[in-house]
Amino acid sequence: MINAIATVSLSGTLEDKLLAAAGAGFAGVEIFDTDFLASPLSAREVRALLDELGLDCVLYQPLRDFEGLPDPHRARAFARARQKFEVMRELRCDRILLCSSCSPLASPDRARIVADFRELADVAAEYGVTVGYEALAWGLHVYDHRQVWEIVREVDHPNFGILLDSFHSLARGIPSESIRQITPDKLVFVQLADAPLLDMGHLYWSRHFRNLPGQGNFDLTGYVAEILRIGYNGPLSLEIFNDRFRANSAPMVARDGVRALDALRDAAFRAIGRPATMPARAAIDRIEFVEFAVLDGDRAELTAMLHAAGFACVGRHRSKAVELWRNGAANFVLNFAEEGFAAAYGLTHGTAICAIGLVVADGAATMARADALGIERQASDLPAMPALRGVAGSLVYVLDREAARTIWADEFVLEPAADLLRDVVAIDHLAAAVSNDEFLSWQLYWRALFDVDVQTPQDVIDPNGLVQSQAVQNKSGTFRLTLNSTDAREALSSRFLSQSFGAGFQHLALRVRDLASAAGLRETRGMERLPVPANYQDDVAARFGLDPTASAELRDHDLLIDEDGAGRRYRQFYSRAFHRTFFFEFVERDGYEGYGAPNAQIRLAAQSRFRPATSAN
Ligand code: MG
Ligand code: MG
């Protein structure tokens, strides 16, 4: 059961696409008709290139608007099919995709459709080709794979079968159990795409918003599980039409494509009780620590900020220029080393969050799954913990529960701190700013490797543009991450990207039990807070029916508030940013599952007021 990808999924010339597919490890490609028509290479030359790259041509696609036509259109459709079969002979390709007709000339008469297909299958047989009939979700008369299956049975020809495309089936909400009716000898080919759930026409949705399995909201695991259950063992192939991918590097999309298919196949095998191909998605307990790369010149300023935020130094590394700072359940590793990973990260990004440490149920299995998904291991400055490459070349340390229990005492000389607050109960969430190109790639990374789910994506209004925000979290809510990206050059997350030379973690949210008291304690320590306008406070007092005491608490401490449909509340305040690169958020949540998205606009507007009047970039 090989991995394949349609050339239409990748950017560049036909040669670029084939090179990227082979480079990422695909065994087969679907050649998209227009990619071939636009290429100066002959079919024979394309075949030679495929041979050189070790790729199979597993499908030629598509043949459109074929069935039920009146003459002379019918005769031309047959002539065109023959011409494609000639090309396929040169390409050594024996399967073709035929999609259901959208032509206003096409007759809905089932007997005519079946007769056309029998005749076409006879022609295909002369060339040794099998036709896979696909229901386009927007087909005029045929738009459901269950209709296709009926027609395939009526045609009853060895060179004519059904082609399943997850987008068309799942966009229409067709139950995946219906696949059980299909016999595997008639399932010619399987195309896979995920997509976000959007309320729009099927055609526009399909042409612009398809994405890789693990980047959208369809139940692809359930879909592929049914396909495997009936005994299909042909290629699993990606057919993705996506505006981001059209502009992205083909090698990155191809690499992610292999990762997406491998993770999906593994999930589908598990769903039907067949042996899995890699360890299960890793369960995350929590974020145990965050590591900062600290430039020498920033040391005093950063430690002053951390102290004001309620942290104190509680340990020094036994052999490295690394300190452990702590408040309650939050550990910060400050790395001052002049050589090694953090030093290199600091040189590129400035003083910044360079790594996060996750506690997982099984560290060795997590690393083995990462290996199987092609996620690179990376050397770190704390060799006791294995690490993986994360956003912007930052690290994700992988600790199992046992390591998390002993790591601090083993690696650090712990010392009592005089001025220690213990009001942080958890690292609530981290927000990463990623480039628009990599937004979907990082979603896939988290969802393929870890047992996390996505929340409904949010559009956040920055004073200078729109930011897309996607939360990724585990079921218990003890691990939460938001990925944020924008096209707007002047939006805060873009300026962060350009100022710090690439994506990274932009804010870190710490959870406390009593937010007003946490704010008060930090006032006495001199923490600089982001101001919240009185207009906002007037609005929320009315909107959430706050009594005067509750409202005064918000006003006194610059707190923001949100409430969900069940009346559960989220309160938050923000620190000023360190060198305009990262900042802290303090939060209090009471069963509330979100991230205060309605307040992000207020926060971004307040932050943009601190923007220098003349900006170099
Ligand atoms: Mg398709
Ligand atoms: Mg936040």
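Under the condition of being β-branched (Val, Ile, Thr) and open to solvent by 10 Å² or more (accessible area, probe 1.4 Å), the residues counted in segment 117-139 number 2.
For segment 119-144, the candidate set comprises residues that are in a loop (DSSP other than H, G, I, E, B) and either without any contact (Cβ under 8 Å) to a residue 40 or more places away in the chain or in contact with a Leu (Cβ under 9 Å, 6 or more places away or on another chain) (or both); within that set, the residue that is farthest from ligand 1 (Cβ to nearest atom) is Gly128. Taking the criterion of being closer than 26 Å to Pro386 by Cβ, of a type in the set (A, V, I, L, M) and surrounded by fewer than 19 Cβ atoms within 10 Å (Cβ to Cβ), the residues of segment 407-436 that qualify are Ala409, Val413, Leu414. Within segment 96-116, restricting attention to residues that are of a type in the set (A, V, I, L, M) and open to solvent by 20 Å² or more (accessible area, probe 1.4 Å), the residue that is nearest to ligand 1 (Cβ to nearest atom) is Leu105. Here segment 233-266 is the region considered, the condition is being over 25 Å from Thr366 (Cα atoms), within 16 Å of ligand 1 (Cβ to nearest atom) and under 14 Å from the mean Cα position of the chain (by Cα), and the residue that is surrounded by the most Cβ atoms within 10 Å (Cβ to Cβ) is Phe245. Could you grab me the full set of residues in segment 564-597 that are more than 19 Å from Val460 (Cα to Cα), at pLDDT 95 or above and in contact with a Gly (Cβ under 7 Å, 6 or more places away or on another chain)? Result: Arg568, single match. Restricting segment 272-296 to residues that are of a type in the set (Gly, Ala, Ser) and crowded, with 17+ Cβ neighbours inside 10 Å leaves a set whose member that is nearest to Leu388 (Cα to Cα) is Ala282.
So that you can scan it fast, the table gives a plain yes or no per residue for (1) open to solvent by 60 Å² or more (accessible area, probe 1.4 Å); (2) among the β-branched types (Val, Ile, Thr); (3) touching a Ser or Thr at 6+ places or on another chain (Cβ under 6 Å); (4) within 15 Å of ligand 2 (Cβ to nearest atom):
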{"position": "Pro548", "(1), (2), (3), (4)": "yes, no, no, no"}
{"position": "Ser551", "(1), (2), (3), (4)": "no, no, no, no"}
{"position": "Arg589", "(1), (2), (3), (4)": "no, no, no, yes"}
{"position": "Ala606", "(1), (2), (3), (4)": "no, no, no, yes"}
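Kindly evaluate Glu490 against the criterion of being at pLDDT below 95, away from ligand 1 (no atom under 16 Å from the Cβ) and open to solvent by 30 Å² or more (accessible area, probe 1.4 Å). Yes, satisfied. Can you find a residue that is closer than 21 Å to Phe189 by Cβ and more than 27 Å from the chain's Cα centre (by Cα) anywhere in segment 17-28? Checking segment 17-28: not a single residue is closer than 21 Å to Phe189 by Cβ and more than 27 Å from the chain's Cα centre (by Cα).
Taking first residues from segment 430-441 that are modelled with pLDDT under 85 and within 16 Å of ligand 1 (Cβ to nearest atom) and partners that are of a type outside the set (A, V, I, L, M, F, W, C) and open to solvent by 10 Å² or more (accessible area, probe 1.4 Å), no Cβ contact under 8 Å between residues at least 6 apart in sequence or on separate chains turns up.
Do we find that Arg576 is within 30 Å of the chain's Cα centre (by Cα), charged (D, E, K, R), more than 16 Å from ligand 1 (Cβ to nearest atom) and surrounded by fewer than 19 Cβ atoms within 10 Å (Cβ to Cβ) in this structure? So Arg576 passes the test.
Across segment 350-379, the number of residues qualifying as touching a residue at least 60 places away in the same chain (Cβ under 8 Å), part of a helix (DSSP H, G or I) and open to solvent by 20 Å² or more (accessible area, probe 1.4 Å) comes to 3. The residue that is nearest to ligand 1 (Cβ to nearest atom), counting only those in segment 188-203 that are in a loop (DSSP other than H, G, I, E, B) and closer than 29 Å to Val58 by Cβ, is Ala193. Considering segment 290-340 alone, what residues qualify as being polar (S, T, N, Q) and either within 35 Å of the chain's Cα centre (by Cα) or outside any loop (DSSP other than H, G, I, E, B) (or both)? The answer is Thr303, Asn327, Asn331, Asn335. So if I check each of Asp459, Asp453, which one is open to solvent by 40 Å² or more (accessible area, probe 1.4 Å), more than 16 Å from ligand 1 (Cβ to nearest atom) and free of Cβ contacts under 8 Å to residues at least 12 places away in the same chain? It is Asp459.
In summary, Arg580 fulfils each of the numbered conditions (1) part of a loop (DSSP other than H, G, I, E, B); (2) in contact with an Asp or Glu (Cβ under 9 Å, 6 or more places away or on another chain) with the single exception of condition (2).
For segment 333-344, filtering for residues that are in contact with a helix residue (DSSP H, G or I) (Cβ under 7 Å, 6 or more places away or on another chain) and aromatic (Phe, Trp, Tyr) leaves 1.
Among the residues here, Leu388 does not qualify as assigned to a strand (DSSP E or B), open to solvent by less than 10 Å² (accessible area, probe 1.4 Å) and under 30 Å from Leu521 (Cα atoms). For Tyr536, the conditions (1) closer than 22 Å to Thr478 by Cβ; (2) among the aromatic types (Phe, Trp, Tyr); (3) open to solvent by 10 Å² or more (accessible area, probe 1.4 Å) all hold with the exception of (1).
The values are calculated or read from the model by the stated rules, or taken from the named source; none is laboratory data. In this text, all values refer to a predicted model and were calculated from it rather than measured experimentally. Here the Cβ is made from the backbone with ideal geometry for all residues, glycine too, and neighbour counts use every protein chain on show. To get the accessible areas, we keep the full protein, side chains included, count just its heavy atoms, and leave off ligands, DNA and RNA. Shrake-Rupley method; radii C 1.70, N 1.55, O 1.52, S 1.80 Å.
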